[in-house]
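The block underneath contains the structure these notes are about, expressed in structure tokens.
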Amino acid sequence: MSSASEYPEESPKKYQDTRRNLLMKVAYDGTDFSGWQIQPRQVTIQGLLVSTLEEICGEKITVYGAGRTDAGVHAEEQAANVRLASRIPCSNLVKALNDHLPGSIRILSIQEAAEDFHARYDACSKTYRYRIFRGRICPPWLCRYVFHFPYPLQEEAMQEAAKYFEGTQNFRSFTAADGSEHPDESSFIRTVFSSQLQRQADELVYTVAGNGFLYHMVRNIVGTLLEVGSGRTSPKQIPEILSACHRTAAGPTASARGLHLIRVTYQDDPPSDSNPLDKQQLPGRIE
């Protein structure tokens, strides 16, 4: 019989991941990119972050985003995490990344996170803003960031309709397709904490916060709100559209250019906003 000493227990430290887990906050103008997610032969936000980090740190890495924004969609504060063996201090890493990335992508902050932190699965809420420019002529410095709609709209009806999206509901009618390939209806359930449409000078601004969003969900909601504003749909029809659970019941998909991911929040986030761009007057930004 063999003794236990012939087969010593493996030390768990041998397999322990000693890399740092870092939380990055990222802002970008999505106009010139094919969205967030890496795609073959396409320039994407995630792809540029990966290649730039690998160049700076000299190691193979994976960047995990809190969500995937479409081509043309912007972010004032996207979140992502990455594991790095490199010991470059976070502040130096921010500077190095911003020196190498194009000006349309900015690293706002980097901080060390818990070993098991994941930018997507640990997110508590996401906030999106959609901007509709109502003036007759859209200024060229705004055209990348707003959807220009100079035609008559019943704005009060749109404001009324926006409130119907609040609460925990099945948003199957507002996803990219009818979802027939996903028989589990629970996959379409989302909780919207707030859904508001406000007039701000020459813009109609739709702001929505929730625990998560389906693919194209916000843009399909905006397209439906425009149907309400144009008089083709009544605000009181929104519950019927939701209960229909079919994409054809809702309005068209609004343009990507007016959509902005404002922020992703986590349980331990401080109450104050840490985005250093918030105090700056940026082209196309609503203060």
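What follows is calculated from the coordinates using simple rules that are stated; it is not laboratory data. Remember, predicted model here, so these are calculated numbers, not experimental data. Methodologically, a virtual Cβ is constructed for each residue, glycine included, from the backbone with ideal geometry; neighbour enumeration extends over all protein chains shown.
In the range 125-265, the DSSP beta bridges split such that about 95 percent are antiparallel, to the nearest 5.
Just to be sure I understand: of the beta bridges DSSP finds with both ends in the chain, what percent are antiparallel, rounded to 5? Expressed as a percentage, antiparallel bridges in the chain total about 90. Stretching Glu240 away from Thr18 to a fully extended chain increases their span by 74.7 nm, per 0.36 nm per residue minus the current alpha-carbon distance.
Taking a ≥ b ≥ c as the square roots of the Cα gyration tensor eigenvalues, with a/c under 1.5 meaning rounded and otherwise prolate when a/b beats b/c, else oblate, which class fits the range 35-168?
On the way: a/c = 2.78, a/b = 1.79, b/c = 1.55.
Prolate, since a/c reaches 1.5 and a/b exceeds b/c.
So which GluC sites (Glu not before Pro) in the range 125-205 pass both tests, a DSSP loop state and at most 11 other Cβ atoms within 10 Å of the Cβ? Hits after loop and neighbour filter: Glu181.
For the chain, what is the per residue volume of the convex hull drawn over the alpha-carbon atoms, in cubic angstrom?
Convex hull volume per residue, Cα atoms: 187 Å³.
Charged side chains reduced to their Cβ positions (Lys and Arg at +1, Asp and Glu at -1) give the range 39-150 a dipole of some 660 debye around its Cα centre.
Positive-end ranking of Ala256, Gly223, Gly135 along the dipole of the range 125-265, with charges on Cβ about the Cα centre, is headed by Gly135. Charges were assigned to the Cβ only: +1 to each Lys and Arg, -1 to each Asp and Glu. The resulting dipole of the chain about its Cα centre is roughly 780 debye.
Assuming a ≥ b ≥ c are the square roots of the Cα gyration tensor eigenvalues, decide whether the range 109-223 counts as rounded (a/c under 1.5), prolate (otherwise, with a/b larger than b/c) or oblate. Please list the in-between numbers first.
Working: a/c = 2.16, a/b = 1.41, b/c = 1.53.
Oblate, since a/c reaches 1.5 and b/c is not below a/b.
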